1. Pick out, in residue order, every one of the GluC sites (Glu not before Pro) in the stretch A:32-115 that is DSSP loop and has at most 13 other C-beta atoms within 10 Å; say none if there are none.
2. Per-residue mean of other chain beta-carbon atoms within 10 angstrom of the beta-carbon, peptide B:51-64?
3. Check each of the chymotrypsin sites (Phe, Trp or Tyr not before Pro) in the stretch A:15-112 and keep only those in coil by DSSP with at most 12 other C-beta atoms within 10 angstrom; list them in order.
4. Report the residues of the stretch A:26-50 in range of a label on residue A:97: point 7 Å along Cα→C-beta, backbone N strictly under 14 Å from it.
5. Using a simple spin-label model with points 7 Å from Cα along the Cα→Cβ vector, what separation in nm is obtained for residue A:17 and residue A:58?
6. May I ask you to derive the FRET efficiency for residue A:30 and residue B:41 from their Cβ-Cβ distance with R0 = 22 Å, giving the value to the nearest 0.05?
7. Report, in listed order, any pair from A:42/A:69; A:42/A:68; A:78/A:114; A:69/A:102; A:42/A:78; A:49/A:114 with a Cα-Cα distance greater than 23 Å.
8. Got the relative contact order for the stretch B:9-116 handy, in percent, Cα pairs under 8 Å and 6 or more residues apart?
Amino acid sequence: AQSVTQLDSHVSVSEGTPVLLRCNYSSSYSPSLFWYVQHPNKGLQLLLKYTSAATLVKGINGFEAEFKKSETSFHLTKPSAHMSDAAEYFCVVSGPYTGGFKTIFGAGTRLFVKA
Amino acid sequence: ETGVTQSPTHLIKTRGQQVTLRCSSQSGHNTVSWYQQALGQGPQFIFQYYREEENGRGNFPPRFSGLQFPNYSSELNVNALELDDSALYLCASSPRDRGVNLYEQYFGPGTRLTVT
């Protein structure tokens with residue numbers, strides 16, 4: 001079975017400070033893991049992906065994530081937040097399961113950035 | 001290169017009616033997935049089509065059905081609409097290979113369905 005848990009529904013940071021958005025996953029198979037961002041009234045945009053290559057994955061806009069199999073985590077980080085980073089972030093797991101293929105989204109983390 | 005497009009952008013239906021939503025995948029993509037996103041929630045996986053066959057389904061009843069055409073465009077059909085079907089419906093395409101690897105998905109802007 002597959003599942004995704006985003007540990008924080010809301011995260012608030014000040015501009016210029018680090019961002020940490022936490023994600024734990026569960027999968028019976030080696031999954032592909034993704035982070036997507038959704039700005040208000042905008043479509044979902046891929047930030048980065050992990051597909052069993054390097055465990056530290058770099059994405060767009062300065063974001064990166066580290067895959068830790070022992071902790072079943074895939075946390076998203078950014079060294080310095082920008083006002084434009086304020087959005088909803090989704091951790092996603094995709095992979096095969098009995099009967100086909102499935103993609104599971106986490107419930108999302110709303111990132112607030114204070115000036 | 002054209003991205004994923006969906007039509008219509010907005011739709012209002014009455015409970016009990018049927019609706020068809022359409023999606024054109026990005027050029028070169030052979031896999032299409034559909035999602036339901038209720039207000040304030042994350043997208044919920046409905047199903048996926050790979051080379052015209054359904055090969056994955058989420059926890060949605062059979063009144064949610066789909067098709068994928070030879071040009072890899074897709075339709076989502078929902079019968080006997082219920083009030084709770086009101087949501088943003090998202091389509092995503094991906095250049096999946098012959099195995100089980102799924103590359104990143106590219107999302108369309110969605111169709112906002114309101115059921116009254």
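1. Sites meeting the loop and neighbour criteria: A:71.
2. Mean shielding count: 2.
3. A:29
4. Within reach of a label on residue A:97: A:26-32.
5. About 2.7 nm separates the two model spin labels.
6. FRET efficiency, residue A:30 to residue B:41: 0.20.
7. Where the Cα-Cα span goes over 23 Å, the pairs concerned are A:42/A:69; A:42/A:68; A:49/A:114.
8. Worked out over the stretch B:9-116, it gives 37 percent.
Computed from the coordinates by the stated procedures, all read-outs in this text should not be read as laboratory data. Source: prediction; values computed, not measured. When we count neighbours, we look across all protein chains shown, and the Cβ atoms used for this are built from the backbone with ideal geometry, even at glycine.
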